[in-house]
Amino acid sequence: APKLGSREAKAHDYDRNYTDVVIAATGPNANPRLAQIMPSLLRHLHDFAREVNLTVAEWTAGVELINQAGQISDGKRNETQLVCDVLGLESLVDEITSKILQQQGSTATPSAVLGPFYREDAPVLHNGSSIVASTGVAEWGAAAAEMLTHLSGRVLSTATGQPIPNAIVDAWEAGPNGMYEQQDPGQPDMNLRGRFRTDEQGRYSMLCLRPTAYPIPFDGPAGRLLKLLDRHPYRPAHVHFIVSADGHRPLTTQIFDSEDKYTKDDAVFAVKKELLVTFKEAKAAHVSNGVKWELEYD
Ligand code: BEZ
Ligand code: FE
């Protein structure tokens, strides 16, 4: 047998019985879902440690990374979530949850990860109004003016295919400088966020910016991990949505600019082909309001 701790040693060279002992320590009154899933977690976790011959020093480095991540969660960012995101875990559980719904017959627009920048209580705006603060456009100058977009569409029931009046479309996006308002002292509170109520035809309509690719925060543990893995932090340009209506399951999703160079290389692996959209040059009626792009998305 290879020497334990040597490169040749593999999981089966260690005492597997140890894992069974840890699993068997779970008591009869354990939380039922935990009792169901922990044996699998423990087996994978222990096998991982054995497979890579994890040393105490390496385990300690991992614990420190998790500790640091846990200390950065202040409404401006949630670093533990971010670490999960760069490891592909949030997108994986999103995919698993979607698959379960699809198996139950759901034909809904695919979901995509919430991400750490959602804020509840975005302003409720009238259809057709803008989520872009004019001060923001002034500050960002010509670049932002070139990105003004009319975004509209309908919210439809997956049960009947019929439009849903009074649904709420909650949208948020980063600025052309790649920052969400809560990360950026230069933007007014709640900039680039808005909630829109669909009309009698189930339609929503807003002015927003054609989105910009941006790096997820990389000055903390998630960024350190990316660097150690020789990875970049960029996400393809996207707009986030939570769509909700009484009597319906809410949908958390994102749409992605199909012309963005990161659509095949998202730092958090959230792109789905059904969520790729093509922004079109605005028709004359809108251009007079400075609108350059338009997109209809149901
Ligand atoms: C976002 O798109 O806002 C996001 C998602 C996952 C990690 C970081 C940012
Ligand atoms: Fe985002």
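Any read-out appearing in this document is the output of simple, stated calculations on the displayed coordinates, not a laboratory observation. Bear in mind that the values here come from a model prediction, so they are computed numbers and not experimental data. Ideal geometry is used to build each Cβ from the backbone, glycine not excepted, and the neighbour counts take in all protein chains shown.
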P(r) tail fraction, the chain - alpha-carbon pairs more than 32 Å apart, %
38
Pick out the long, greasy-scoring helices in the chain: whole DSSP H runs spanning 20 Å or more along their own axis by Cα, mean Kyte-Doolittle at least -0.5.
32-51, 56-70, 89-103
Using helices alone, what [θ] at 222 nm do you get for the chain, with -39,500 (n - 2.57) per DSSP H run of 4 or more residues, divided over all residues and rounded to the nearest 500?
-8500 deg cm²/dmol
For the range 136-250, would you read off the P(r) tail past 21 Å as a percentage of all alpha carbon pairs?
50
Let me check I have the definition right: for the range 70-212, take the eigenvalues of the Cα gyration tensor, multiply each by 5, take square roots. What are those semi-axes in whole Å, largest first?
27, 24, 12
Total lysine pairs under 24 Å (Cα atoms) in the chain, excluding pairs fewer than 8 apart on one chain:
16
So what is the relative contact order for the chain, in percent, with contacts set as C-alpha pairs under 8 Å and at least six apart?
18
Please get the size of the charge dipole for the chain, origin at its Cα centre, with Cβ charges of +1 on Lys and Arg and -1 on Asp and Glu, quoted in debye to the nearest 20.
440
Peptides 192-200, 213-221: what's the order by average Cβ count within 10 Å, highest mean first?
192-200, 213-221
Theoretical FRET efficiency, 1/(1+(r/R0)^6), r = Cβ-Cβ of A24 and W59, R0 22 Å, to 0.05
0.45
